[in-house]
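Comments concern the structure below.
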Amino acid sequence: MKFLFALLIFYTPIFSQTNYPKDYFQSPLKIPTQLAGNFGELRPNHFHTGFDFRTQQKEGLIVFAAGDGYVSRIKISTFGYGKAIYITHPNGYTTVYGHLKKGYGKIEDFIKKEHYKQQSYEIEFFPNPEDLPVKKGDTIAISGNTGGSEGPHLHFEFRDTQTEKIINPMFFGFDALMTDTKKPMISSLVVYPIGEGSIANESKRPIMVNLALQPDGNYIAEKISAMGSIGFGIICGDYDNVSYNNNGVFNVQSYLNGSPSFGYQFSTLVFDEGRYINALIDYPRYKNTHQRVQKLFMRNPYNLSIIKTDNKNGVLEITPNFSQIYKVELTDFYGNKTSILIPIEYQSQTAVVSEEIAKTNYLLKANTDNNYEKNNMGVFFPAHTFYEDFYLNFDVKDKVMTVHNDMVPVHSNFKVTITDSTIVNREKTFIASLEGKRKIYTSTKFTNNTFTAYTKNLGQFTLALDTIAPKISIAKSIEGKSLDKEKAIVFRISDEMSGIKSYNGFINEQWVLFEYDNKLGRIIYQLNDAEMLEGKNQLKLIVSDNLGNSAIFETSFFRSQQK
């Protein structure tokens, strides 16, 4: 009875008890549903927070409001979701539509007006409920490829309006838009010896475990011979019947001798917890191989709220005279299930494969503050900057500070300081991270001969000087030409050092909207007769970098208002 009660306590938070409305919302697209990414899919530095709907490999599809409500937020950015519209619904949820090409009708008019009000392409604003009301099925936008999108698609997500917790769209009836009879896939199993004296299959390093596919589609792993503490990790994925890419698995659960050990389910996510993905996966292996092994244990507990675990945090203690059965189950939203059965036995053994740890003079403790200084250069790591303890490689040589490497995941910003009283052109100097010979800009402040920057990137740091203005080139010369038949003017802009910070275009000394596509380094002005003079028009484009260096491009063209 006690065991049953413990099971109920363990499972209650995992399987969602919320009664989400199944019939209130519709799809934002009126094409057959195919996903390029699902909820909870593993992405660089975050979990995917919605659905990526395929848009038939093109832009320009009509995007519909998923339900009644009002446009409560609009954000236009060159990164992230690009052009994004948020709709608040009266039933307590908000839907998000990202990577849009543009808004539609009154919404696009409202956006344009706000661009000119703020005199900026990148804007964020919050309309009042009465400004832009929408009904379910209203056209709100045109699909696109803006922001951090790697191809045309529509990002779509649900949020709890009050808490901003993100919710899996499947709970709102979107599971009915697809069919899925396919089991999740397990492509690899890895066993991890944990701590001093732990060995698995004669190895102190993580090693792959052979899997035997059974007739029912499940797996049995080769027997694990181990001593000490061990944990497991898996490489897995899931396909549905209509999409053709590998998506994330909805539910992962492990059991030790029939009792729940470690598990998580992608029902909801919290934005502030996204970076914990780097603790969940085997980060060094990911950096080396681009394979994401999802670890089913925690060496050092971290606050990813979707994880439910036993009092050992998923770590198995392998002791003499006690054989154990470990099981991993993967389940998709439709209930399709795949499992691995892993027999484990204690065996006293000597490691044939030794542990690979490069010990240095600096053992960094993840749960405490850590500060390192040498030759007027230093780095300060607040407690919990990292997930686990490790030996830090720290040194300063030839005015370059080495702060380990990118094989260790960083959770939050740490401080880099460089003191140098000999710098003359301080306002054009910044702390750069080095990628080979390339110097990458880091936002830097200067006080009392000390330069300070905050970053999440380990590696090498030095001071760099940027006095070079950005480059501006026009795709097609317009000087002195008639543009009566042209629809747009296109420029390319770039900056090799600190990066582009601002861009402002003017027609006849009046600010006009230039749209910037940072992926292509392209900036576009859509010709608008309302902003033109009859005959000759003057155009000016000013582009500035993060150190205040500016480039100006000026030209003139002719436009007739007599159509």
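The values are calculated or read from the model by the stated rules, or taken from the named source; none is laboratory data. Bear in mind that the values here come from a model prediction, so they are computed numbers and not experimental data. Ideal geometry is used to build each Cβ from the backbone, glycine not excepted, and the neighbour counts take in all protein chains shown.
Residues in the range 273-301 that are surrounded by 19 or more Cβ atoms within 10 Å (Cβ to Cβ) and either modelled with pLDDT under 95 or more than 30 Å from ILE167 (Cβ to Cβ) (or both): ARG299 only. Candidates in the range 446-455 are the residues that are within 17 Å of GLY499 (Cβ to Cβ) and not hydrophobic (A, V, I, L, M, F, W, C); of these, the one that is farthest from the chain's Cα centre (by Cα) is TYR454.
Residues of the range 267-317 that are small (Gly, Ala, Ser) and closer than 22 Å to MET227 by Cα: GLY314 alone.
Listed here are the strands (runs of 3 or more DSSP E) enclosed by the range 497-552 that have at least 2 residues being surrounded by fewer than 14 Cβ atoms within 10 Å (Cβ to Cβ) and not assigned by TED's automatic domain parsing to the domain that holds GLU150: 535-545. Consider the range 129-185 and keep the residues that are assigned to a strand (DSSP E or B) and among the polar types (S, T, N, Q). The one that is nearest to the chain's Cα centre (by Cα) is SER143.
Residue count for the range 17-52 under the criterion of being over 13 Å from the mean Cα position of the chain (by Cα), assigned to a loop (DSSP other than H, G, I, E, B) and closer than 21 Å to LEU280 by Cβ: the result is 1.
For the range 75-88, the set of residues classified as surrounded by fewer than 22 Cβ atoms within 10 Å (Cβ to Cβ) and either on the phi > 0 side of the Ramachandran plot or not small (Gly, Ala, Ser) (or both) consists of LYS75, THR78, PHE79, GLY80, THR88, listed by residue number.
So which of ARG299, ARG292, ARG285 is basic (Lys, Arg), assigned to a loop (DSSP other than H, G, I, E, B) and more than 27 Å from MET178 (Cβ to Cβ)? Step by step, each of ARG299, ARG292, ARG285 is checked, and only ARG299 is basic (Lys, Arg), assigned to a loop (DSSP other than H, G, I, E, B) and more than 27 Å from MET178 (Cβ to Cβ).
PHE333 passes every criterion in (1) more than 19 Å from the chain's Cα centre (by Cα); (2) outside any loop (DSSP other than H, G, I, E, B); (3) of a type in the set (Phe, Trp, Tyr); (4) farther than 25 Å from LYS223 by Cα apart from (2).
Residues in the range 59-85 that are more than 22 Å from the chain's Cα centre (by Cα), assigned to a loop (DSSP other than H, G, I, E, B) and either among the acidic types (Asp, Glu) or farther than 26 Å from ASP175 by Cβ (or both): GLU59, GLY60, ASP68. Selection of the range 460-474 for residues being in contact with a strand residue (DSSP E or B) (Cβ under 6 Å, 6 or more places away or on another chain) and either free of Cβ contacts under 8 Å to residues at least 12 places away in the same chain or surrounded by 13 or more Cβ atoms within 10 Å (Cβ to Cβ) (or both) yields GLN460, PHE461, THR462, LEU463, ALA464, LEU465, ALA469, PRO470, LYS471, ILE472, ILE474. Taking the condition aliphatic (A, V, I, L, M), closer than 21 Å to SER412 by Cα, in contact with a Leu (Cβ under 9 Å, 6 or more places away or on another chain) and surrounded by 12 or more Cβ atoms within 10 Å (Cβ to Cβ), does ILE478 pass? For ILE478, the condition - aliphatic (A, V, I, L, M), closer than 21 Å to SER412 by Cα, in contact with a Leu (Cβ under 9 Å, 6 or more places away or on another chain) and surrounded by 12 or more Cβ atoms within 10 Å (Cβ to Cβ) - is not met.
Going through (1) crowded, with 20+ Cβ neighbours inside 10 Å; (2) in contact (Cβ under 8 Å) with a residue 60 or more places away in the chain; (3) more than 18 Å from the chain's Cα centre (by Cα) one by one, ASN91 falls short only on (1).
When GLY137 is tested against the conditions (1) over 19 Å from ALA65 (Cβ atoms); (2) in contact with a strand residue (DSSP E or B) (Cβ under 8 Å, 6 or more places away or on another chain); (3) of a type outside the set (Lys, Arg), the lone failure is (1). Among the residues of the range 18-27, is any of a type in the set (Val, Ile, Thr) and surrounded by 15 or more Cβ atoms within 10 Å (Cβ to Cβ)? For the range 18-27, residues of a type in the set (Val, Ile, Thr) and surrounded by 15 or more Cβ atoms within 10 Å (Cβ to Cβ): absent.
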